[in-house]
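Trainee: My questions will all concern the structure given below.
Every read-out reported here was derived from the displayed coordinates using simple, explicitly stated rules and does not represent laboratory data. If you're wondering where the values come from, they're calculated on a predicted model, not measured in any experiment. Every residue, glycine as well, gets a Cβ built from its backbone with ideal geometry; the counts of neighbours run over all protein chains shown.
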Amino acid sequence: MRNTEIETHSAEETRSFAAALAAKLERGDTLCLYGDLGAGKTAFVQGLANGLGVAEYVTSPTFTIVNVYESGKMPLYHFDVYRIADSDEMYEVGYDEYVYGNGISVIEWPELIEDILPSERYDISIAKSGENSRKISVKRIGNGN
């Protein structure tokens, strides 16, 4: 997938879009999710997990920094770096092993760790465009561009 923009009109549509995107991902892909609080990042990750066949309930790892889901067709590593102090703290939770590992990594608030983001990734922006509507932009960064 290259660059895509879509507008969804419900959380369910956001989850459905993410589930469809999941089918196009490969082991080792990293998705960086940009968006304000309440933009729909967690709904997006829930849809992605559903598309990967993850059985567990997906929540934001706000206080744990990373949630690992291994019940799907490939592991899903969900980072929320909103509360980290600096990029060095990411290495303490096993960042390299996850991001350069055998699953799909999703990073919420990636702007806080820009200096260690993979050079090849998907940058995904989610913005409110109405009460229940969201504009979602997917941009491929790196060699797959």
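Trainee: Given a cut-off of 19 Å, name the pairs among LYS41/LYS128; LYS41/LYS135; LYS41/LYS73 whose C-alpha atoms lie farther apart than that in the structure shown.
Mentor: Listed pairs above 19 Å: LYS41/LYS73.
Trainee: What are the radius of gyration and Dmax of the stretch 59-102, computed over its Cα atoms and given in Å?
Mentor: Over the stretch 59-102's Cα set, Rg and Dmax evaluate to 10.6, 33 Å.
Trainee: Next up: Quick one: 3J(HN,Hα) in Hz for the stretch 118-131, Karplus 6.51/-1.76/1.60 with θ = phi - 60°, rounded, Gly and Pro as x.
Mentor: x, 6, 10, 6, 10, 9, 10, 9, 10, 9, 5, 10, x, 3
Trainee: Using each residue's phi in the stretch 14-20, evaluate 6.51 cos²θ - 1.76 cosθ + 1.60 at θ = phi - 60° and report the 3J(HN,Hα) Karplus result to the nearest Hz, with x for Gly and Pro.
Mentor: Couplings: 4, 5, 5, 4, 5, 4, 5 Hz.
Trainee: Follow-up question, since we're still on this one. So what are the radius of gyration and Dmax for the Cα set of the chain, in Å?
Mentor: That works out to 13.9, 39 Å for Rg and Dmax.
Trainee: Sticking with this structure for a sec: Run the dipole for the chain about the Cα centre, Lys and Arg Cβ at +1, Asp and Glu Cβ at -1, nothing else charged, and hand back the magnitude in debye, nearest 20.
Mentor: Taking the Cα centre of the chain as origin, the dipole is about 680 debye.
Trainee: Take the eigenvalues of the Cα gyration tensor for the stretch 44-124, scale each by 5, and report the square roots as semi-axes in whole Å, largest first.
Mentor: 20, 13, 12
Trainee: Starting from 0 in steps of 10 Å, tell me what percent of the Cα-Cα pairs of the stretch 17-56 lands in each bin.
Mentor: 29, 54, 16
Trainee: While we're on this one: Tilt of helix 41-52 relative to the longest C-alpha principal axis of the chain, in degrees (0 to 90, nearest 10)?
Mentor: Helix 41-52 and the main axis of the chain meet at about 80 degrees.
Trainee: While we're here: Once you have a ≥ b ≥ c as the square roots of the Cα gyration tensor eigenvalues for the stretch 105-145, tell me rounded if a/c is under 1.5, and otherwise prolate or oblate according to whether a/b is larger than b/c.
Mentor: Judged from the Cα gyration tensor, the stretch 105-145 comes out oblate (a/c at least 1.5, b/c at or above a/b).
Trainee: Hey, if you put +1 on the Cβ of every Lys and Arg and -1 on every Asp and Glu Cβ in the chain, which of GLY53, PRO75, GLY28 ends up farthest toward the positive end of that dipole?
Mentor: Ranked along the dipole, the leading option is GLY53.
Trainee: Kirkwood hydrodynamic radius (Cα pairs, Å) of the stretch 5-72?
Mentor: Over the stretch 5-72, the inverse of the mean reciprocal pair distance is 12.6 Å.
Trainee: May I ask you to derive the FRET efficiency for TYR100 and THR62 from their Cβ-Cβ distance with R0 = 30 Å, giving the value to the nearest 0.05?
Mentor: With a Förster radius of 30 Å, E is 0.80.
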